[in-house]
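As structure tokens, the structure follows; a few thoughts come after it.
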Amino acid sequence: SLLFGDTIPSWKLRTQIATGIARGLVYLHDECSSQMIHCDIKPQNILLDDYYNARISDFGLAKLLQINQSRTLTNIRGTRGYVAPEWFRNTQITSKVDVYSFGVLLLEIICCRRHVEDADIGEGRNAILTDWAWDCFQERRLDALVENDFEVLEDRMELEKYVKIGIWCIQEDPSPRPTMRKVSHMLEGIVEVMIPPCPSPFFSTI
């Protein structure tokens with residue numbers, strides 16, 4: 001409701017929320033006593049307290065991992081639009097499925113628009129946010145992602161950093177996707193963000 005309302009929240013607040021979600025996922029994946037994959041990261045499952053601190057909620061689809069277990073085989077879980085491609089390949093999944101979902105969510109936080117805009121369906125290349133973000137990054141027109149958001153446009157380097165992180169997270173192949181710990185470090189400026197490859201190389205144009 002905060003992201004998709006009539007008033008766009010400040011860029012500082014949005015980056016604070018994104019960083020908080022990333023830290024929460026680091027805890028789930030690496031730090032809690034029973035490591036788990038959330039399996040359903042999306043805006044509706046992120047709650048904010050009175051100080052806008054992010055809290056991950058709704059663990060109904062979460063998958064607990066045993067000690068020394070990093071991957072598991074399970075039926076497809078999650079919400080359309082946020083589900084990592086490997087769910088559809090009947091292979092073992094890892095915590096990288098949460099990384100993919102976070103990447104979609106991060107792009108939504110950057111742009112303050114939903115992953116799929118009903119009004120845009122059939123109207124061209126900006127209907128699907130992940131595809132549009134890659135196009136804008138590749139064509140060096142990131143301003144189109146945050147049109148009229150002048151606060152963000154004043155710091156284009158920071159905007160580019162966040163978009164690059166989002167693209168790293170939505171790589172179709174889970175191998176190049178960073179861990180949530182690395183994502184958190186990239187968001188906080190601890191780790192340099194390199195230029196990401198095309199997220200769907202098998203479907204890129206020649």
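The values are calculated or read from the model by the stated rules, or taken from the named source; none is laboratory data. These numbers come from a predicted model, not from an experiment. These accessible areas exclude ligands, DNA and RNA; they are computed on the full protein's heavy atoms, side chains included. Shrake-Rupley method; radii C 1.70, N 1.55, O 1.52, S 1.80 Å.
Descriptive notes on the structure:
- Largest-first ordering by accessible area, 1.4 Å probe, given options GLU154, GLU188, GLU108, GLU117: GLU154, GLU188, GLU117, GLU108
- Helical content of the chain, expressed as a calculated mean residue ellipticity at 222 nm, amounts to -10000 deg cm²/dmol (DSSP H runs of 4 or more residues, -39,500 (n - 2.57) each, divided by residue number, nearest 500).
- Cα Rg over Rh - the chain, Kirkwood: 0.94
- Of TYR162, TYR51, TYR27, the one that fluctuates the most in a GNM where the chain has Cα springs shorter than 10 Å: TYR51
- In degrees, nearest ten, helix 129-138 long axis to first principal axis of the chain (Cα): 60 degrees
- Surface calculation, 1.4 Å probe, protein heavy atoms: ASP131 sits at approximately 80 Å² accessible.
- Highest mobility in the GNM of the chain, judged by mean-square fluctuation with C-alpha springs under 10 Å and restricted to PRO85, PRO174, PRO43, is found for PRO85.
- Spatial separation of Cα centroids for the range 166-194 and the range 1-17, in angstrom: 22 Å
- Accessible surface for LEU2 stands near 50 Å², nearest 10, in the context of the full protein assembly shown (1.4 Å probe).
- Of all accessible heavy-atom area on the chain, the percent that carbon and sulfur account for (1.4 Å): 49 percent
- Accessible area in square angstrom per residue, the chain, 1.4 angstrom probe: 55 Å²
- Ranked from largest to smallest solvent-accessible area, with a 1.4 Å probe on the protein heavy atoms, CYS169, CYS112 come out as CYS112, CYS169.
- Rounded to the nearest 10 degrees, the angle from helix 11-26 to the longest Cα principal axis of the chain is 10 degrees.
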